[in-house]
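Notes to accompany the following structure.
The values are calculated or read from the model by the stated rules, or taken from the named source; none is laboratory data. These figures come from a predicted structure and were not determined experimentally. Glycine gets a Cβ as well: all are built from the backbone with ideal geometry, and neighbour counts include every protein chain shown.
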2 protein chains.
Amino acid sequence: MKPAGKKRARAKSRVLKLAPVGNMVIAQSGGPTMVINESVVGAVLRAKRSKHITRILGARHGIRGILDRDFIDLGRESERTLEAVRKTPSSALGSVRHKPTPEECREVAHIFQKFNVRYFFYIGGNDTAEAAHIVTEECRRSHHDFVCFHIPKTVDNDLRQNDHTPGYASAARFIAQAFQGDNLDNRALGGVKIDVLMGRHAGFLTAASALGRKHEDDGPHLIYLPERPFSMTGFVSDVDGVYKKRGRCVVAVSEGIVDRMGDLIAAKYATERDAHGNVTLGGSGALGDLLARIVKETTDVSRVRADTFGYMQRSFHGVRSVVDEREAFAVGAKAAEFALRGERSGSVAIKRVAGSRYRVELKRVSLGSVAKHARSMPSSFIAKSGTDITSAFLNYAKPLVGALPRVGRLREIVVKG
Amino acid sequence: MKPAGKKRARAKSRVLKLAPVGNMVIAQSGGPTMVINESVVGAVLRAKRSKHITRILGARHGIRGILDRDFIDLGRESERTLEAVRKTPSSALGSVRHKPTPEECREVAHIFQKFNVRYFFYIGGNDTAEAAHIVTEECRRSHHDFVCFHIPKTVDNDLRQNDHTPGYASAARFIAQAFQGDNLDNRALGGVKIDVLMGRHAGFLTAASALGRKHEDDGPHLIYLPERPFSMTGFVSDVDGVYKKRGRCVVAVSEGIVDRMGDLIAAKYATERDAHGNVTLGGSGALGDLLARIVKETTDVSRVRADTFGYMQRSFHGVRSVVDEREAFAVGAKAAEFALRGERSGSVAIKRVAGSRYRVELKRVSLGSVAKHARSMPSSFIAKSGTDITSAFLNYAKPLVGALPRVGRLREIVVKG
């Protein structure tokens with residue numbers, strides 16, 4: 001018994017020695033997810049229990065709120081409010097798509113000194129990790145003793161170092177349920193149905209369209225991912241082939257599909273770029289409409305429809321993965337835990353423990369290792385044809401998404417007339 | 001006690017005297033809904049208990065299946081299968097968008113005679129009721145003793161004689177939940193978000209976007225319905241006004257909006273018409289993209305996005321209204337009930353009983369009274385501004401859709417900097 005006690009005492013003294021005392025700021029950045037508020041509440045509830053953290057502030061609209069000194073007092077929010085906000089999709093603190101300039105990062109460091117901010121938690125993807133990284137460097141330069149943690153979220157699931165990222169599983173679940181219905185809708189009326197899904201560089205969300213397949217003839221029958229070059233003639237011939245065989249075809253297409261040169265198919269029709277220089281892919285039906293028009297013009301299929309799933313994938317209220325909400329809360333709490341243990345910076349990464357039962361561990365990784373660059377789907381998840389996923393992907397994604405609603409089908413005993 | 005017994009005996013003898021003996025055919029037509037299979041199973045389970053019905057056949061893909069003699073034996077489906085199919089969205093028998101010609105209706109009457117079909121149940125909207133009506137006339141002309149019932153369904157909720165139609169409440173619930181999330185997404189990132197919703201002539205689905213509003217500043221902030229003429233300059237000025245006040249704006253637009261001349265705004269961009277001569281509005285993002293482009297070009301708003309909700313509204317698996325599924329089953333069972341009581345034709349209409357508690361009665365109405373023409377939203381449901389709904393609509397729709405997921409919001413106690 002004694003060694004454990006000693007260990008605890010040692011750990012405690014380490015905290016008392018290392019973790020600074022001061023205020024905390026937490027902020028959200030980039031595209032919202034269905035579970036991003038779980039991470040805020042996870043960090044806030046852990047911080048509330050610490051004497052090292054004086055005030056718990058939320059910056060509204062990410063780094064923009066820090067620059068504007070637009071803070072709210074999260075420490076004074078009731079437990080009841082926090083519990084309700086946890087379960088609510090989209091960034092409760094507001095979000096931002098702004099890449100801070102070096103001057104702005106210096107200004108943030110200056111504001112943190114002025115407000116005695118010693119803890120900064122920034123929830124977002126790889127761009128957000130990069131911003132956190134730069135702010136940390138600036139604080140170090142001005143000798144401000146400061147702890148900075150990035151908390152992962154991204155529906156695209158493209159963060160390096162992670163088995164998967166909070167936000168992905170709920171969006172994937174929404175997509176899987178949508179395709180369960182869409183496949184049946186297409187089965188009832190026939191024709192070609194093209195669905196365009198989120199995922200700029202990584203096909204994880206588009207691949208999730210396959211999670212609800214049950215019968216041999218269930219769609220999606222074709223899946224186009226950003227990881228494989230897209231050719232328009234190949235696409236038309238694939239669709240025509242499935243249609244000739246089945247009288248119908250459901251297609252899942254990533255918004256991020258690129259041609260052999262790596263150029264976005266959608267880019268020719270896009271007019272906007274965001275602050276990070278990325279082409280704006282969401283909020284337009286152009287890619288789906290283009291693909292539908294080409295199928296209509298070059299095949300005999302009379303009924304061709306396209307839907308672009310849009311922002312619903314990340315914001316729909318009422319469809320969530322249980323694993324996702326639990327993990328999103330846990331990474332927020334764990335970031336606070338690492339910070340209060342005396343770690344000065346890092347990101348929380350989700351690592352899957354090998355074994356038959358789904359289990360994860362949360363590890364600290366460096367900000368630099370998740371910043372800037374994104375990851376793609378591994379080749380083992382993509383079928384050789386390039387237009388389907390593998391059972392390795394199904395094994396990977398099913399525990400994240402959870403059991404899907406049942407689908408009933410008639411036996412269809414044909415009557416001889 | 002005795003009078004009730006006598007009454008029952010009288011009712012029974014009336015059935016024995018009037019209802020013919022023979023086979024039954026049931027079919028589904030038009031756009032699928034999330035609960036349309038409830039109606040099939042409702043009718044089949046009731047028919048199974050009757051000695052007047054010999055075989056229970058399903059025609060695949062509506063009237064097309066009858067013409068092709070493409071029947072399946074629903075009487076041999078297990079209870080377990082039927083229970084699973086009930087809970088599954090989209091038309092399990094397959095659907096069709098085909099308006100039968102007079103020759104085809106005569107052919108159907110001929111096939112019904114040949115197959116000794118004495119009961120025909122056709123599930124669909126007003127076009128489907130019209131087809132049932134014509135087939136009934138043809139059977140009468142050929143002196144085939146025949147019972148034909150239309151079973152109502154339509155997500156648009158535009159069937160006459162009905163307080164509301166099965167399929168509507170589940171689609172409305174999906175839309176309400178989507179807007180709960182979309183409003184929060186827009187609150188987090190700002191800008192203008194335009195969502196295009198189903199509803200060719202009736203604004204009921206678009207109006208459902210407002211059901212999840214809770215706080216004074218919650219979107220949708222503007223709602224454009226087919227019942228009020230749409231002017232592009234009015235639209236841009238409305239959006240700009242809301243944006244200037246709130247820094248954001250969520251807009252719900254019906255795909256069926258028309259100008260002062262009654263011409264579809266979307267029609268200029270549509271290329272297709274269906275068998276009923278209607279412009280194809282679904283399966284394209286053109287209207288949303290058009291509206292977004294015009295806002296971008298004529299205002300100072302930098303972030304403008306459009307989503308078209310598409311087929312998910314009617315087919316998404318896992319979001320359903322409890323009232324809707326119960327009523328969809330009930331109208332199917334009731335149609336069989338009417339038929340076996342000796343009625344020769346009609347449709348089942350849902351009438352709401354006045355009173356504080358939500359309650360409905362199912363009545364038989366004539367086929368002609370629901371066929372052909374559709375209904376619109378009553379003026380009492382539309383705000384004077386023309387860009388919002390009234391509390392009368394909320395009182396109408398809330399019991400149908402049921403309690404929505406909770407939305408939590410921070411108190412946002414501002415910190416003086």
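For the condition among the hydrophobic types (A, V, I, L, M, F, W, C), within 17 Å of the chain's Cα centre (by Cα) and at the interface with chain B (Cβ under 9 Å from one of its Cβ atoms), what is the one hit in A:Val96, A:Val155?
A:Val96
Does region B:117-138 contain any residue that is over 30 Å from B:Ser50 (Cβ atoms), crowded, with 24+ Cβ neighbours inside 10 Å, touching a His at 6+ places or on another chain (Cβ under 6 Å) and modelled with pLDDT of 95 or more?
no
With the condition kept exactly as written, say whether any residue in region A:371-380 is within 17 Å of A:Ile175 (Cβ to Cβ) and within 14 Å of chain B (Cβ to nearest Cβ).
No.
Results for (1) among the β-branched types (Val, Ile, Thr); (2) at pLDDT below 95, shown as yes or no for each residue.
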| site | (1), (2) |
| --- | --- |
| B:Arg8 | no, yes |
| B:Asn37 | no, no |
| B:Val41 | yes, no |
| B:Thr54 | yes, no |
| B:Arg64 | no, no |
| B:Phe71 | no, no |
| B:Gly75 | no, no |
| B:Arg80 | no, no |
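Of A:Thr54, A:Thr81, which residue is at the interface with chain B (Cβ under 7 Å from one of its Cβ atoms) and either closer than 29 Å to A:Met312 by Cβ or of a type outside the set (A, V, I, L, M) (or both)?
None of the other options fit; the residue is A:Thr81.
Here is a list: A:Leu18, A:Leu45. Which entry is out of contact with any strand residue (DSSP E or B) (no Cβ under 8 Å at 6 or more places or on another chain), more than 10 Å from chain B (Cβ to nearest Cβ) and at pLDDT below 95?
Sole residue among the options that is out of contact with any strand residue (DSSP E or B) (no Cβ under 8 Å at 6 or more places or on another chain), more than 10 Å from chain B (Cβ to nearest Cβ) and at pLDDT below 95: A:Leu18.
Can you spot a residue in region B:170-188 that is more than 11 Å from chain A (Cβ to nearest Cβ), buried (at least 24 other Cβ atoms within 10 Å of the Cβ), over 23 Å from the mean Cα position of the chain (by Cα) and touching a residue at least 60 places away in the same chain (Cβ under 8 Å)?
Scanning region B:170-188 turns up no residue that is more than 11 Å from chain A (Cβ to nearest Cβ), buried (at least 24 other Cβ atoms within 10 Å of the Cβ), over 23 Å from the mean Cα position of the chain (by Cα) and touching a residue at least 60 places away in the same chain (Cβ under 8 Å).
Could you identify the single residue in B:Arg341, B:Arg326 that is surrounded by fewer than 21 Cβ atoms within 10 Å (Cβ to Cβ) and either within 14 Å of another protein chain (Cβ to nearest Cβ) or over 17 Å from the mean Cα position of the chain (by Cα) (or both)?
Matching residue, one of B:Arg341, B:Arg326: B:Arg341.
Give me the residue from region B:314-323 that is surrounded by fewer than 24 Cβ atoms within 10 Å (Cβ to Cβ) and not aliphatic (A, V, I, L, M) and, out of that set, nearest to B:Gly31 (Cα to Cα).
Applying the filter and picking the extreme gives B:Arg320.
Out of curiosity, is B:Ala92 modelled with pLDDT of 95 or more and part of a loop (DSSP other than H, G, I, E, B)?
The answer is yes for B:Ala92.
Taking into account only those residues within region B:27-63 that are assigned to a helix (DSSP H, G or I) and among the hydrophobic types (A, V, I, L, M, F, W, C), which is surrounded by the fewest Cβ atoms within 10 Å (Cβ to Cβ)?
The selected residue is B:Leu45.
Among the helices (runs of 4 or more DSSP H) lying completely within region B:115-228, list those that include at least 3 residues that are among the small types (Gly, Ala, Ser).
B:126-141, B:168-189
Just for region B:291-323: of the residues that are within 11 Å of chain A (Cβ to nearest Cβ) and assigned to a helix (DSSP H, G or I), which one is nearest to the chain's Cα centre (by Cα)?
B:Arg314
Scan region A:229-259 for residues that are assigned to a loop (DSSP other than H, G, I, E, B) and either touching a helix residue (DSSP H, G or I) at 6+ places or on another chain (Cβ under 9 Å) or over 18 Å from A:Leu184 (Cα atoms) (or both) and jot them down.
Residues satisfying the conditions are A:Pro229, A:Phe230, A:Ser231, A:Glu255, A:Gly256, A:Ile257, A:Asp259.
Based on this model, can you work out whether A:Ala202 counts as crowded, with 24+ Cβ neighbours inside 10 Å, in contact with a helix residue (DSSP H, G or I) (Cβ under 7 Å, 6 or more places away or on another chain), modelled with pLDDT of 95 or more and away from chain B (no Cβ under 14 Å)?
For A:Ala202, the condition - crowded, with 24+ Cβ neighbours inside 10 Å, in contact with a helix residue (DSSP H, G or I) (Cβ under 7 Å, 6 or more places away or on another chain), modelled with pLDDT of 95 or more and away from chain B (no Cβ under 14 Å) - is not met.
With respect to B:Val147, is the statement that it is under 27 Å from A:Gln177 (Cα atoms) and either among the β-branched types (Val, Ile, Thr) or surrounded by fewer than 24 Cβ atoms within 10 Å (Cβ to Cβ) (or both) true?
So B:Val147 does not fit the description; no.
Mind listing just one residue for me: the one in region B:361-402 that is over 20 Å from the mean Cα position of the chain (by Cα) and not in a helix (DSSP H, G or I) and, of those, surrounded by the fewest Cβ atoms within 10 Å (Cβ to Cβ)?
B:Lys384
Check A:Gly346 against each of (1) surrounded by 24 or more Cβ atoms within 10 Å (Cβ to Cβ); (2) away from chain B (no Cβ under 14 Å); (3) closer than 27 Å to A:Arg173 by Cβ and name the one condition it does not meet.
(3)
Could you list, in sequence order, all residues of region B:54-70 that are touching a residue at least 40 places away in the same chain (Cβ under 8 Å), farther than 22 Å from B:Ala129 by Cβ and in contact with a strand residue (DSSP E or B) (Cβ under 7 Å, 6 or more places away or on another chain)?
B:Thr54, the sole residue that qualifies.
Tell me whether region A:260-276 contains one or more residues that are in the same structural domain as A:Arg173 (by TED's automatic domain parsing), surrounded by 21 or more Cβ atoms within 10 Å (Cβ to Cβ), at pLDDT 95 or above and not in a helix (DSSP H, G or I).
The answer is no; no qualifying residue exists.
Starting from residues that are within 11 Å of B:Asp388 (Cβ to Cβ) and in contact (Cβ under 8 Å) with a residue 40 or more places away in the chain, keep the ones in region B:220-252 and report whichever is farthest from the chain's Cα centre (by Cα).
B:Asp238
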